[in-house]
Amino acid sequence: MTAPKPLTEGTPGSNEELTRGAAAGTPAVEARGLRRTFGELVANDDVDFTVRPGEIHALLGENGAGKTTLGTMLAGLLKPDRGEILAGGEPVAFGSPRDALRHGIGMVQQHSVLVPGLTVAENLVLGTESSWNPRLRHRAVERWAAELCERFGAGLDVSAPLATLSIDEVQQVEILRLLGRDVRVLILDEPTAVLARAHAERLFEALRGLRERGCSVVIVTHKLSEVIELADRATVLRHGRVVARLDRPEFNEDALASAVVGTELAEFGHEPAAIGVSEDMPRHGGAGDVVLAIEDLVVDGERSAGAVDRLSLQVRAGEVLGLAGVEGNGQAELIEALSGVRGVSSGTVRIGDRTLTQLDPRTLDRLGVAVVSSERRRWDVVQDLSIEENILLSELADPASDFSRWGFLRRSKMDAAVAERIKAFDVRPADPSRSVATLSGGNQQRVVLGRELAHRPRLLIAAYPTHGLDVAAVRFVHRTLLKLRDEATAVLVVSADRDELFALSDRVAVLYRGRIGYEAEREKADMRQFSRAMVGLGEGATA
Amino acid sequence: MVELLLTTTVLLTVPLLLATLGEIVTERAGVLNIGIEGVMLFGAFAAAGVIQLGPGRPVAVLAAAALGAALGVLLAVLFVARRVNQIVGGVLFNLFALGLTTVLFDRYFDAGATGSVFGKLALPLLSDLPVVGPALFDQPLLAYLSVVLAGLVWWLLTRTWFGLHLRAAGERPRALDSAGVSVGGIRTAALAVGCALVALGGAALVVLQSGAFTPNITEGRGFIALGIVLVARWSPWWALPAVALFGLAESVKFQASTFGLESVPPEFLAMLPYLVAIVTVTVGTAARYPAALGVPYVRE
Amino acid sequence: MRRLGSLADWRQRLDWRYLARLLASLALTLLLVGLIFDLAGADPVAAFEALIRGSLGNPLGVEQTIELGAILVLAGLAVTIPARASLWNIGGEGQIFAGALAAASVALKVTGPDPAIVMLLALLAGLLAGAAVAAVAGALRALTGANEVLTTLMLNFVIALLTFYAITNWFPAAGIRGSTPEIPRDVELPTLLGGDITSGVLLALACVVAAHVLLTRTRLGLTIRAVGANPEAARHNGIRLGSVYTVSFAIGGAFAGLAGAIVVLGIDGLLARDFSPGYGFVGIAVALLARSRPLLVVPAAALFSIVTVGGSYLESAVGLSADVALVIQGTLLLLLLALWVIPPQRAAGVR
């Protein structure tokens, strides 16, 4: 055997099983009562999901809704805690992605699983033959790869090194790799995230072609426009549960948007107490001067230019601005730029009366900007150091601060400051010499808050501040944020939790594709416009 | 003059070439084997030991290769299964190897005994060429074999499925894992093959030069091979001229007098190979590192 | 004691599974080494006994153990400081040579000032030479991205060769066996209590305290630890990674250079070609065993020293080569690593 088996239709024992069931009405893949948790987080809760042969099925929802988790379980990358999966009507238990492949199910994830140093052909055949096979005939392999490309209409040079391909071509190879292994159910996770419009069109064409051949395509997405353009059916997830199933004839923007975002007014009978905002907390009357003014900011992301795309935003002293938006629309890049960790391509950031084109941590610190990020816990807490060393880290590292003299740390000064902060932020256990690694997530977050907020900052950027925290910790964080607001700090909160944002904020804004799609005072917010902006359907917003 | 220079160059080059080829195989799979020095030492030891026991030189050479493969599996347990830091583990292994070979040498070997070396094999016609003939084509069989091995390594890496998977393991092990191939298995096999070649290099030191083992006979050649792998950009073909360059530097040191270089202190000539390595590392081939080199793979 | 981290932390780390693995490593080491002793034709029990006797059972042995221990302490510190910044200093050997050469040069060539001053200058020269060599590798890494593992490994050889050259060419009337002439008595380091043990030992212990204080009580030490534990967080808090890398490497090199100087000025009394049987590499093992904690470097170095000195005694006692010490040390460390008594660190790779 010198080349992989050629791709033919109707190979006996192949995954035709999945498509043969079309006549009998058997779903290609079915999930029943799937449940999956990560620690305390319930990612999928009693999810039922069916994919028919020869259909394009959209799995729709915001980030954190559980769609990627569902996809990875179907593709054998993750095991469900409860529930069952059926392929072609037969129950299966996937121990590895290889098992799923054998049943004809494959997933193209957001992170590439191709090898840049190999050619396209080599990537396509990787793993299709045993390592013990001594002969790898390049010509035969390339011929097979070329045939595969031709069969699915991809115009690729199979002998080219993968590193020379553009992003959309790489994605083609990812898909072809699965098709070459006889995949009949193709799961794509946010495939258009890095694609330009024209390429997205080409992808859709290809997917329709696959559908004609009897394959099923599951497209995991948060973009309504794609669903409307492409899908035959849509299943909407929210907070890990299936909230809606729609067939194509039922598609309309508003129905989908409200399913995704949950805008029925009943949803917003939010209970302030549950999120730590008590009734008797005075609402600060009116905001002060503009503290943060972002103008036409452009920040490049890891793989794409313009993750933040000419963004303009203002936050005033004594106000909380809540920035909503599905993850992946530029939040990470914006936060990194505002904390001085990522460079700015163009545009300006004004803090108080200082206009900056580039930001660095020291300058931001001196200007009174604090950043708290729960998402990046790895980024923010130094595990090997003690509580006191963490809580005072930036001051201790600064040679100009009071805490060191002639290079030596002044313990007496440290002790006083640390005791104060531990008390103010209620860090438990309260032993300053304990290693931070032994603390719970909530207490670690308090340490970070203690580090960033000890000197009342002018501007606080809180990114996903309560992600992964227990109820008590969440309440504490909310109270702290509001207290700062009352003390005239300008607060920018970025969160995926809409309830949280609406409870905390004075103004809300929606971030979509690197720009503000909608902005309003909380009390006057139009929920319909808000939800539409979240999924890219705002007036004047590009889809 | 030049003839003699070339002849000695080739002889000095063979052990280095074999070690370099072995390390290329290992590193392209993503494992940085600093313990190459120790493996080479063990190979030399095994070869000399077998020679002393009676069976001829060819058997000795094969025994060394077999021992090398076994050591490769042992190192795989450390680096792949137990994810021990490859740099530190390699340094410790070298210490261990130096100690063990010296101790056992003391006990079992007749110090001062010299074995015989491999005889030369003149290739017909080619060895009659002027200048290069005797130098390049009148060498022991092992010398020709090592060049053939360079070709074999190239073939292994580019023309077999094992080689394809090996290269993937060194560049992006996650891709290989999701394609359903065991990364640990591939890396273990790479270590076995690579260390077999390195041990062969150690054996070559014995059977080509002195016929006997002395403590620390490798004297850092394994480390030089690490530098050569970089110069050769992890390609078995480029290893040939790269090794030749280093071998030349070494034989110039030996032949200094014939070149009127007596005035240059021998120590400075001896420094040449290392300085070349430093310069090459600095001038930077960083972009071409196998991307996953030195990082133990864990499926997330 | 507050500075050692709270007791609660320690209790959490030393659970019974860990202790079991530790004991297993020790037991396996004894077993394997005993086997090797047997293979090498010596009675294992007699050999172990001779090992202890040779290093601790007689005055000369004790003296050698203490002096070697001091050198290994410094070699261990040379690796420890950069290790806290998550860097591996493989160039200890070269840095020791550089220190020895510099100290010998000053001691033998600088005449005029008070001998005591010359001695201090020689020590200083050794320290600076080691730091300079380490800084070169660090600078190459910072400026060109050259991998410091390979550059320091190669530099070891370059500096050793330079030293060999210097011994025969820079000093008057090269001594026998490839060494410099002896250093004048009054330039040598004084001995302790009128005995035979060099005061270099005290110097080494002082360095341990200095290293400990550096890491736990100074701003620099804190930044080094922060960078080693979480470079991104360190950067976020305004710490400059490049300078931390360079400085920690230089400090490590200084310790190594001092080790070389002490050998020349206090133990050998001259600079010999073969004065270092791989101290730099053993230093890596010492630092590893000490889990990169300066205070633990002392017992770790003591263990290695006992094994090494005892090993050299084995030759006359049971007919085993002195290099058996390397076997014992290597086996012990490899087992500790393999059984995760010393846990695998965050994957760092070659970059």
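Strands (runs of 3 or more DSSP E) fully within segment A:81-194 that include at least 2 residues being among the β-branched types (V, I, T) and either touching a Pro at 6+ places or on another chain (Cβ under 7 Å) or buried (at least 19 other Cβ atoms within 10 Å of the Cβ) (or both): A:105-108, A:185-189. Restricting segment B:201-237 to residues that are among the hydrophobic types (A, V, I, L, M, F, W, C), part of a helix (DSSP H, G or I) and in contact with a Ser or Thr (Cβ under 8 Å, 6 or more places away or on another chain), which is farthest from the other protein chains (Cβ to nearest Cβ)? Among those residues, the one meeting the criterion is B:A204. Selection of segment A:351-371 for residues being in contact (Cβ under 8 Å) with a residue 60 or more places away in the chain and either closer than 19 Å to A:E295 by Cα or touching a helix residue (DSSP H, G or I) at 6+ places or on another chain (Cβ under 6 Å) (or both) yields A:I351, A:G352, A:L367, A:V369, A:A370. The set of residues in segment C:218-235 that are more than 25 Å from the chain's Cα centre (by Cα) and either over 21 Å from A:R366 (Cα atoms) or surrounded by fewer than 21 Cβ atoms within 10 Å (Cβ to Cβ) (or both) comprises C:N230, C:P231, C:E232, C:R235. The residue list B:G38, B:G43 contains one member that is at pLDDT 95 or above, surrounded by 23 or more Cβ atoms within 10 Å (Cβ to Cβ) and within 10 Å of chain C (Cβ to nearest Cβ), which is B:G38.
Residues in segment A:337-388 that are hydroxyl-bearing (S, T, Y), within 16 Å of A:V308 (Cβ to Cβ) and at pLDDT below 85: 2 in all.
Scanning segment A:504-539 for residues that are at pLDDT below 85, of a type in the set (G, A, S) and surrounded by fewer than 21 Cβ atoms within 10 Å (Cβ to Cβ) returns A:A525, A:G538.
Taken over segment C:20-60, the residue count meeting the criterion of being assigned to a helix (DSSP H, G or I) and touching a residue at least 24 places away in the same chain (Cβ under 8 Å) is 20. Within segment C:310-343, if we keep just the residues that are at pLDDT 80 or above, in a loop (DSSP other than H, G, I, E, B) and at the interface with chain B (Cβ under 9 Å from one of its Cβ atoms), the residue that is surrounded by the fewest Cβ atoms within 10 Å (Cβ to Cβ) turns out to be C:W340.
Scanning segment B:76-91 for residues being in a helix (DSSP H, G or I), in contact (Cβ under 8 Å) with a residue 24 or more places away in the chain and at the interface with chain C (Cβ under 7 Å from one of its Cβ atoms) gives a total of 3. Before we move on, is A:Q110 closer than 30 Å to A:V510 by Cβ and assigned by TED's automatic domain parsing to the domain that holds A:I219? Answer is yes for this residue.
Would you call A:S433 closer than 22 Å to C:I224 by Cα and surrounded by fewer than 18 Cβ atoms within 10 Å (Cβ to Cβ)?
no
Of all residues in segment A:187-204, those satisfying the criterion of being without any contact (Cβ under 8 Å) to a residue 60 or more places away in the chain and under 23 Å from A:V29 (Cα atoms) are A:L203, A:F204. Based on what the data block shows, is B:A169 within 30 Å of A:P97 (Cα to Cα) and surrounded by fewer than 24 Cβ atoms within 10 Å (Cβ to Cβ)? In short, no. Given A:V260, A:V243, A:V218, which one is assigned to a strand (DSSP E or B) and either within 19 Å of the chain's Cα centre (by Cα) or not assigned by TED's automatic domain parsing to the domain that holds A:L165 (or both)? So the residue among A:V260, A:V243, A:V218 that is assigned to a strand (DSSP E or B) and either within 19 Å of the chain's Cα centre (by Cα) or not assigned by TED's automatic domain parsing to the domain that holds A:L165 (or both) is A:V218.
Taking each residue of segment B:94-105 that is touching a residue at least 12 places away in the same chain (Cβ under 8 Å) and at the interface with chain C (Cβ under 7 Å from one of its Cβ atoms) and looking for partners that are among the charged types (D, E, K, R) and surrounded by 24 or more Cβ atoms within 10 Å (Cβ to Cβ) with beta-carbon atoms closer than 6 Å, six or more apart or interchain, yields B:T102/C:D323. Being out of contact with any Leu (no Cβ under 8 Å at 6 or more places or on another chain), more than 8 Å from every other protein chain (Cβ to nearest Cβ) and not small (G, A, S) is true of A:I391. Being in contact with a Ser or Thr (Cβ under 7 Å, 6 or more places away or on another chain) and either crowded, with 24+ Cβ neighbours inside 10 Å or not in a helix (DSSP H, G or I) (or both) is a property that holds for C:I81.
When each of A:P399, A:P432 is tested for being modelled with pLDDT of 85 or more, part of a loop (DSSP other than H, G, I, E, B) and either facing another protein chain (nearest Cβ under 8 Å) or in contact with a Ser or Thr (Cβ under 7 Å, 6 or more places away or on another chain) (or both), the lone residue that passes is A:P432. So, of the residues in segment C:19-31 that are surrounded by 15 or more Cβ atoms within 10 Å (Cβ to Cβ) and within 15 Å of C:V307 (Cα to Cα), which turns out to be nearest to the other protein chains (Cβ to nearest Cβ)? Looking at the filtered set, the residue picked out is C:T29. In the set C:A102, C:A125, only one residue is buried (at least 24 other Cβ atoms within 10 Å of the Cβ), modelled with pLDDT of 85 or more and in a helix (DSSP H, G or I); that residue is C:A102. Summed over segment A:463-492, residues that are modelled with pLDDT of 90 or more and of a type in the set (G, A, S) total 1. Residues in segment C:211-229 that are at the interface with chain A (Cβ under 9 Å from one of its Cβ atoms), in contact with a helix residue (DSSP H, G or I) (Cβ under 7 Å, 6 or more places away or on another chain) and of a type outside the set (A, V, I, L, M, F, W, C): C:T216, C:R219, C:G221, C:T223, C:R225, C:G228.
Within segment A:454-475, the residues that satisfy the criterion of being surrounded by 21 or more Cβ atoms within 10 Å (Cβ to Cβ) and in a helix (DSSP H, G or I) are A:A473, A:V474.
The values are calculated or read from the model by the stated rules, or taken from the named source; none is laboratory data. It should be emphasised that the depicted structure is a prediction, and the values quoted were computed from it without experimental measurement. Note that we place each Cβ from the backbone using ideal geometry, even for glycine, and neighbour counts take in every protein chain shown.
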